[in-house]
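Data first, discussion second: the structure below is written as C-alpha cells.
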Amino acid sequence: MISLPLRFQRLSTIQFWRNLWRDTSPTLGSGGRCRSARRSLVWFLLAALLLHAGAILVLDELRPGARDPEYARRVRQLRARLAENPRRPLVLVIGSSRSAMGICPAEWEAVRPNSPNNRDPVIFNMSLLGGGPVMELLTLRRIYTDGVRPELVLLEYWPPHLHWEGGWAEPGRIAPDRLYPVDRPIVREYFPDPARTERLMRTYRWNPFFAARNRLLVQLAPKWLPNTKRLDWTWDTVDSWGWKPGFDYPPGLTEQRTQLLGTCRETYRPLFTGFQLSRDADRAIRQAVAEARAHGSRVGFVYLPEASEFRSWYPPRVEQMVQDHLAALSRELAVPVLDARLWMDDGWFVDGFHLSRNGARVFTRKFGPAVAAFCREVRP
C-alpha cells in the first residue's frame with residue numbers, strides 16, 4: 001500500500017487532492033519526473049471519475065434493482081409470471097419473513113384446477129424479510145411505481161411489528177443503502193431522523209464504490225466477501241413465485257425446533273410484557289390500504305399461522321388489544337380479514353412463527369383456495 005504523508009491523513013478529500021497536486025508541482029531539479037507524476041495523477045482521477053459515473057449509471061438507470069436485490073428479483077419474476085398468465089387476476093401478498101417463507105404459490109399452481117377458462121388468481125409473494133407496516137407501504141408504493149396493478153393486495157398483520165418501543169421501531173431495521181428515490185416521502189414520514197437518512201441515501205447514490213461496496217460486491221463477486229458481510233442470503237433462494245424456502249426440518253418436535261423456540265421465547269416474551277401499539281405503525285397500515293385503493297386494488301388483511309407455544313406468550317391484555325385493533329381496522333377501513341392463525345399444527349413450524357419448507361407447502365394448499373374464494377368475495 002502507498003504510505004501517505006502524515007499531514008494528508010486527517011484532511012478532507014478536497015484538501016487531500018489539492019495538497020497532493022501541489023506536492024507534484026515542478027520544483028528546481030525535478031524536471032520530467034514531476035510532469036510525469038502529474039500526468040499519472042490526472043489519468044488516475046479521470047479513471048476514478050469514469051468508474052464512479054459508470055457505477056451511478058448502472059445503479060440509477062441500467063440496473064436500479066442492484067440497490068435492493070431482494071425486491072428487484074421478485075419484481076422480475078412477477079413480470080415473467082404475469083406474461084405467462086395474462087388473463088388471470090393478480091393477488092400480491094406483502095409482508096415479512098413469515099409470509100416470504102410461509103406462502104409457496106407454486107404449490108397453489110400445482111393443485112388448482114388447470115383449464116383454459118379457469119381464472120383463478122395468480123398469487124405472488126412480494127414479502128421482504130424483516131418487513132412490517134412501513135416496509136409493506138414502501139413495497140406497495142414501489143410496485144405501483146413499477147407499473148404493476150394487482151387486483152387484490154393481501155397485507156400481513158402481525159402484532160410484534162406494531163410495537164415500536166425499546167429499539168423495536170421498524171425504520172431502524174431498514175438499511176438506507178437499499179432505499180430508492182421513490183422511498184423519500186416514506187422516509188420523511190416515518191423515520192426518526194429523516195434528514196440523516198436522506199444524507200446517507202445521497203452518499204450511497206453518489207459514492208457507490210465506498211458506501212455501497214458490500215451490496216455491489218455481493219452481486220458481482222460474492223466470494224470476495226466474508227460470510228458475515230454477505231447479504232445475498234436474503235434473496236439467493238427466492239423462487240420464481242417470490243417464495244423464499246425456510247429451513248428444511250422434518251415435521252414434529254425436533255431438537256432444532258426446540259432450540260429455535262427457546263431463542264424466540266427469550267426475544268418475544270419481553271416484547272409482549274411491555275407491548276404497546278405504535279401510532280405510526282397503525283398509520284402506516286391505514287396509509288397502505290389507502291395507497292392500494294387509490295390505484296384501483298382491493299385490499300385484505302392476512303393473519304398467518306402461529307404455533308401454540310408462541311400464542312401462549314401473549315398476555316391476556318395484549319391478546320385482547322391486538323384482537324380489538326385488527327377488528328377496528330377491518331371495520332373502519334372495510335377491509336376483510338383472512339385469519340389463518342390456527343391453521344397449522346405445531347410440528348410444521350421451525351420456531352414459533354416461521355413455517356418449514358414442507359409446512360409452507362401444506363399451508364399453501366389450504367391458503368390458495370381460500371384466497372381464490374376471498375378474491376371472489378371482495379370483487380365489486
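The values are calculated or read from the model by the stated rules, or taken from the named source; none is laboratory data. Bear in mind the structure is a predicted one, so any value in this text is a computation, not a measurement. A quick note on method: Cβ atoms are made from the backbone with ideal geometry, for glycine too, and the neighbour counts reach across all protein chains shown.
Scan segment 95-119 for residues that are closer than 14 Å to W241 by Cβ and either under 18 Å from the mean Cα position of the chain (by Cα) or part of a loop (DSSP other than H, G, I, E, B) (or both) and jot them down.
If we filter segment 95-119 for residues that are closer than 14 Å to W241 by Cβ, which is where we start, we get 99-112.
Passing the criteria: S99, A100, M101, G102, I103, C104, R112.
Report whether or not A80 is at pLDDT 95 or above, in a helix (DSSP H, G or I) and more than 30 Å from F349 (Cβ to Cβ).
Yes; evaluated as a whole, the condition is true for this residue.
Check off (1) more than 26 Å from C104 (Cα to Cα); (2) surrounded by 15 or more Cβ atoms within 10 Å (Cβ to Cβ); (3) of a type in the set (A, V, I, L, M, F, W, C) for A334 and give me the number that stays unchecked.
(2)
Find all pairs meeting these conditions: Cβ atoms under 7 angstrom apart; at least six residues apart or on different chains; first residue within segment 331-348 and within 21 Å of Y249 (Cα to Cα) and in contact (Cβ under 8 Å) with a residue 40 or more places away in the chain; second residue assigned to a helix (DSSP H, G or I) and not polar (S, T, N, Q).
Within 7 Å, the pairs are D346/E309; W348/G359; W348/V362.
Taking the condition of being in a helix (DSSP H, G or I) and not polar (S, T, N, Q), how many residues in segment 268-302 meet it?
Qualifying residue count, segment 268-302: 20.
Checking N114 against (1) modelled with pLDDT under 95; (2) touching a Lys or Arg at 6+ places or on another chain (Cβ under 6 Å), which single condition isn't satisfied?
For N114, the exception is condition (2).
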